[in-house]
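Worksheet for the structure shown next.
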Amino acid sequence: MIPKFFIVYVLSISLLSCSLHRIDIQQGNLVTQDMLDQLQLKMPAHKVRFIMGTPLVMDTFHQNRWDYIYIIQPAYKKAQQRHITLLFDENQKLKKIEGNVKIGKRKLPKPSLPDEFDEEPIL
């Protein structure tokens, strides 16, 4: 005969295993599209740092290169990595933007007007 405490133990372990919860793990610099849209070529390094924050990697031998790396591991999914590299010229002006995130200005849609406003307004 199986002891009762053993049955209770097995049932409690099986119930606990069903309720395991995994959390999303985020590491590095979160770089949003809004942040990238604010960047402009020939922008001074101090303005870039204000927009983007401190880079995750600043190479001692290549001080004109800043790397922003962001990794997210969603629960039960494959990890995603974003890598942005900013290159500066000798005057500390932004020269080039590289990475695996879309870079460029967002274009806002033109506002649509109701049909009654298609004509010139009378003032």
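Read the figures in this text as sums done on the coordinates, not as results from a lab. Note that the structure is a prediction, hence the values are computed from the model and not measured. Every residue, glycine as well, gets a Cβ built from its backbone with ideal geometry; the counts of neighbours run over all protein chains shown.
Karplus-derived 3J(HN,Hα) values for region 81-86, using 6.51 cos²θ - 1.76 cosθ + 1.60 with θ = phi - 60°, are 10, 10, 9, 10, 10, 10 Hz; glycine and proline are entered as x. If R0 equals 35 Å, the separation of the Cβ atoms of Gln73 and Val10 corresponds to a calculated FRET efficiency of about 0.65.
The charge dipole of region 22-105, taken about its Cα centre with unit charges on the Cβ atoms of Lys, Arg (+1), Asp and Glu (-1) only, comes to about 200 debye. The residues neighbouring His46, those whose beta-carbon lies less than 15 Å from its own, together hold a net charge of +3 under the Lys/Arg +1, Asp/Glu -1 convention.
Residues Arg22, Arg49 in ascending order of nearby Cβ atoms (within 10 Å, fewest first): Arg22, Arg49.
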